[in-house]
1. With the requirement that a residue be surrounded by 15 or more Cβ atoms within 10 Å (Cβ to Cβ) and of a type in the set (S, T, N, Q), what does the stretch 73-99 give you?
2. Is it true that Leu13 is surrounded by 14 or more Cβ atoms within 10 Å (Cβ to Cβ) and either farther than 19 Å from Ser131 by Cβ or not charged (D, E, K, R) (or both)?
3. Within the bounds of the stretch 56-66, is there any residue that is at pLDDT below 95, over 19 Å from Phe130 (Cα atoms) and of a type in the set (Lys, Arg)?
4. Report whether or not Phe70 is surrounded by 15 or more Cβ atoms within 10 Å (Cβ to Cβ) and under 22 Å from the mean Cα position of the chain (by Cα).
5. Being among the hydroxyl-bearing types (Ser, Thr, Tyr) and out of contact with any Cys (no Cβ under 8 Å at 6 or more places or on another chain) is the filter here, so list the residues in the stretch 1-34 that pass it.
6. What are the residue pairs meeting all of these: first residue in the stretch 40-66, first residue crowded, with 18+ Cβ neighbours inside 10 Å, second residue of a type in the set (Ser, Thr, Tyr) and outside any loop (DSSP other than H, G, I, E, B), Cβ atoms under 6 Å, and 6 or more apart or on different chains?
7. For the stretch 25-54, what are the residues that are closer than 14 Å to Asp71 by Cα, among the hydrophobic types (A, V, I, L, M, F, W, C) and more than 22 Å from the chain's Cα centre (by Cα)?
8. Looking at Thr56, Thr52, Thr66, which is the one that is more than 15 Å from Arg116 (Cβ to Cβ) and assigned by TED's automatic domain parsing to the domain that holds Ile109?
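The values are calculated or read from the model by the stated rules, or taken from the named source; none is laboratory data. Computed from a prediction, not measured in an experiment: that's the story for all the values here. Virtual Cβ from ideal backbone geometry, glycine too; neighbours counted across all protein chains shown.
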Amino acid sequence: MANDSMASGTIHLKGRWIKGVLADFYPVLEMWRFYGAYGLHARQKPTLQNRTVEFTGCGRWSFSGTLSDFDSWTRSWLNSKEEGRPKRALTAEVYDRFLRAMEERKLKIVFDFEDREPGAGILNHEVGAFSSDGAKLFYTQLSCEYIVGGDDDLERATDYLARFLKTPDREALEEWIAEHIVCTHLFALHYDDNYSEVIYDLEEMMEEDPFPAFCAAFSPDTREWEDFCEEYEEIKGNRPDGREARSMCWDRASFVV
């Protein structure tokens with residue numbers, strides 16, 4: 001099942017736009033709301049005086065990939081006879097005319113947005129643009145970077161790992177996290193006992209699993225750590241501390257609640 005990504009940012013009209021081309025763009029912008037989960041919604045219409053507007057959007061896996069599908073989705077909608085779809089003002093004639101004008105005038109539609117995949121703990125900042133060859137709309141990613149956590153995220157990450165230590169040294173934990181885990185924002189998404197989400201997300205976002213190094217640095221020793229290791233072993237096939245979990249005889253009553 002795909003993760004939905006939630007995007008928010010701005011749309012900017014770049015180039016020598018004129019009134020007639022802008023008028024053709026309005027029904028295109030309305031069409032991009034599509035029908036169902038995926039698409040975008042501009043909070044207002046751009047004008048020749050104000051060419052930058054805010055938007056929110058929803059994508060499949062990533063909003064960037066969804067933008068790449070907008071041209072084919074628009075064509076599919078224009079050609080569809082499916083009953084029950086909301087009526088849109090855009091016609092194939094207007095869309096073709098708009099694409100020709102974009103190519104002739106070398107116009108761009110620039111997106112600057114943050115894209116969050118809640119199920120994957122990923123937060124990106126991306127800039128990309130639509131351009132046209134006269135017959136088709138193309139999306140080009142111009143830049144994309146992970147957004148790393150700030151001070152609040154560092155504090156949440158420290159709280160998260162501190163639960164695994166009977167007597168946590170928060171200052172030492174903060175220093176270790178700052179050196180070993182850059183994507184601390186995901187701890188704001190999974191601040192609960194669903195340890196598998198953190199394990200999967202860090203595996204996807206980092207080149208090296210941080211938990212063996214965490215074990216070596218702090219020797220975690222709480223009941224919560226044992227619960228974490230059980231889920232870790234289910235996912236990885238081994239414990240992060242290198243111990244043989246199945247043959248161990250832990251006295252769980254010895255852990256301090």
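1. Just the residues of the stretch 73-99 that are surrounded by 15 or more Cβ atoms within 10 Å (Cβ to Cβ), to begin with: 73-74, 77-78, 88, 90, 94-95, 98-99.
Thr74, the sole residue that qualifies.
2. Working: surrounded by 14 or more Cβ atoms within 10 Å (Cβ to Cβ): yes; either farther than 19 Å from Ser131 by Cβ or not charged (D, E, K, R) (or both): yes.
Answer is yes for this residue.
3. Within the stretch 56-66, not a single residue is at pLDDT below 95, over 19 Å from Phe130 (Cα atoms) and of a type in the set (Lys, Arg).
4. Details: surrounded by 15 or more Cβ atoms within 10 Å (Cβ to Cβ): yes; under 22 Å from the mean Cα position of the chain (by Cα): yes.
Yes, satisfied.
5. So in the stretch 1-34, the residues among the hydroxyl-bearing types (Ser, Thr, Tyr) come out as 5, 8, 10, 26.
Correct list: Ser8, Thr10, Tyr26.
6. The qualifying pairs are Gly59/Ser5; Gly59/Thr66; Ser62/Ser5; Phe63/Ser5.
7. If the condition is that a residue be closer than 14 Å to Asp71 by Cα, among the hydrophobic types (A, V, I, L, M, F, W, C) and more than 22 Å from the chain's Cα centre (by Cα), then Phe25, Val28, Leu29, Met31 are the ones that fit.
8. Checking each option against the conditions leaves just Thr52.
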